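Beneath this line is the structure, given in structure tokens, with notes to follow.
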Amino acid sequence: RCWWIGPGQKRNERMSGRWVIPSPLETAQALSQELKIHPALCGILLRRGMKSAAESHHFLNPSLDDLESPFKFTGMPKAVERIFQAIRNTEKILIYGDYDVDGVTASAILFPILKSLGADVEAHLPHRRNEGYGLNQGSLERLLNKNFGLVITVDNGITGIGPVRFLNQRGVDVIIVDHHLPKSELPDAYAILSAATDGAGDPNLAACGLAFKLGWALLGDYKKAEPYLDLVTVGTVADLAPVKGDNRILLRFGLTILRGTRRKGLCALIKAAGLTRERLTTRDIAFGIGPRINASGRMGSPEHAFKLLTTENELEAQNLAQVLEEGNRDRQRVELAAFEEAVECVETDPLKEEQKVLVLQSSNWHEGVLGIVASRLVDRYARPSIVIAVREGVGKGSGRSLPHFSIFESVNQCRDILMNFGGHAQACGLTLKEEHIPHFRRRLNEAASDAHLSAGFAERAVDAELPLSDLDAKFISDMERLAPFGPGNPKPIFVSRNLRLKTTPRRRGKDTLAAWVTDGTGKAICEMVGFRCYERWKESRPRERFDAVYAPALNTFNGIESIGLELQDWR
């Protein structure tokens, strides 16, 4: 069953589109009786790849013992051997990281582990504007004055063919720890830890997960690396890595470790963000912790974030957390101005309805917020988006995509007019001359046409249709066993029909909708909250009864439990 947006309806940031509701699976009923959970939840398990009650039970009850061995990566033995050789020979080791949350947390995992093994190690995290993404040859020339014998890249390096060749010529070995997609040629590194290059190891791991696996291999036991799962959790969630395979296990146990962390920098940052450590969720990481760490690399130097995550001094941690807090406020201001200008560019473009991929440029935009602006444009217009900041005739861009459309592959088809590019299916970064941007826009849209991407079209996958009265504490508790949620394992959303308002909708904050709703029987009464929905609700003027798509949750206030609905869409 589907519902389509009308051609004359206004498209807002939370955009309506087609609801895709699967038919109930006959096998879900039998699985429900065996697992003692609701058939709708069993249907979700089956659609997410579980083939039996045993597999479903395993999924619902993960264990750290289920993690793949780090030596699944074919490059792991060589990497471990070379690192121990460097330690034995007192060679200096350089960790060359990245300025985003994944790169910072990966560096903050590997640095103390190497230190604990007696390594002479330093970390360098490049400045976004001065050095750019990846291995910067000018920076390497300066750093090699310290006589490093081994360079370990984290969250970069897989496309650094020239810089790796330069390091080899200087007698420096390179170990690449990177989850990004390679180009047609691989760098001539001593060892590469990447599922994308050798087809072995979990391909879902972000760089922080790869750093954890390398640390585990070096320490000889995952239990010795387990204290670093708080950083793995922050990096994995912030980088939007798929919550599949090892990532789901790492996040399930990492959240518990994060809630009890004694890491001084994380404690200070959590407090500065106004969060409660003992009740942290993946949402808190995505919208509270991650943006503050990212702001360090976006607006200034990622060194502040790296020091925050590795310091053992409480006063230094508090001071650095405040620096990141101020940087985040600055980032929010700059981001809002860039997003508003980007929206104006789209709305005033006479050909906007023909653009399957949005490619926008401006000399006013800060490079540090391009990815966030691109992501918000995807939310608003349901189209892959690339946002480019132009300086002195050169454009540096960041892109975000929709599921089932690889922006990396499409950009790769334009590589002959790009100075540099990299990324993965859902995100990319690139550099090109300003004069080539119109040509790039045209060719990218041609690639999108070849992929049969529909412009401005949103599709919302609903997991099941439910009577509102089916929602109770047990249902929510069983649903949470499917967690943690994220890309690849999204939080289940349901549709309920013929709801009616119990209270008059009210506005919370800037644009949050809040109201109590009930079904026709009066057996179920739930609080419905819709983020960035109030204005659209007013415009749509729902009639007495409406259908709603939502994610359910169990709310507790003053010891009283109630079912809450996070509104996603309605008609």
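The values are calculated or read from the model by the stated rules, or taken from the named source; none is laboratory data. Given the structure is predicted, the values throughout are model-derived calculations rather than measurements. Please note: Cβ atoms are built from the backbone with ideal geometry, for glycine as well, and neighbour counts cover all protein chains shown. For the accessible areas, the whole protein counts, side chains as well, though only heavy atoms, and no ligand, DNA or RNA atoms are used. Shrake-Rupley method; radii C 1.70, N 1.55, O 1.52, S 1.80 Å.
Across segment 144-164, the number of residues qualifying as touching a residue at least 40 places away in the same chain (Cβ under 8 Å) and either more than 21 Å from the chain's Cα centre (by Cα) or open to solvent by 20 Å² or more (accessible area, probe 1.4 Å) (or both) comes to 8.
Against the definition (open to solvent by less than 10 Å² (accessible area, probe 1.4 Å) and either in contact with a helix residue (DSSP H, G or I) (Cβ under 6 Å, 6 or more places away or on another chain) or among the hydrophobic types (A, V, I, L, M, F, W, C) (or both)), how does Gly288 come out, yes or no? No; evaluated as a whole, the condition is false for this residue. When segment 275-295 is filtered for residues that are part of a helix (DSSP H, G or I) and either in contact (Cβ under 8 Å) with a residue 24 or more places away in the chain or among the small types (Gly, Ala, Ser) (or both), the ones remaining, listed by number, are Thr282, Ile285, Ala286, Gly288, Ile289, Gly290, Pro291, Arg292, Ile293, Asn294, Ala295.
Those strands (runs of 3 or more DSSP E) of segment 495-571 in which at least 3 residues are open to solvent by less than 60 Å² (accessible area, probe 1.4 Å) and of a type in the set (A, V, I, L, M), considering only elements entirely within it, cover 512-518, 545-557, 560-570. Scanning segment 101-143 for residues that are among the small types (Gly, Ala, Ser), open to solvent by less than 20 Å² (accessible area, probe 1.4 Å), modelled with pLDDT of 95 or more and not in a helix (DSSP H, G or I) turns up just one, Ala119. If the condition is being more than 26 Å from Ser296 (Cα to Cα), open to solvent by 10 Å² or more (accessible area, probe 1.4 Å) and among the small types (Gly, Ala, Ser), then segment 345-398 contributes only Gly393. For Arg536, the conditions (1) closer than 22 Å to Thr281 by Cα; (2) out of contact with any strand residue (DSSP E or B) (no Cβ under 8 Å at 6 or more places or on another chain) are fulfilled apart from (1).
Residues in segment 166-191 that are aliphatic (A, V, I, L, M) and either farther than 18 Å from Ala106 by Cα or open to solvent by less than 40 Å² (accessible area, probe 1.4 Å) (or both): Leu167, Val172, Val174, Ile175, Ile176, Val177, Leu186, Ala189, Ala191.
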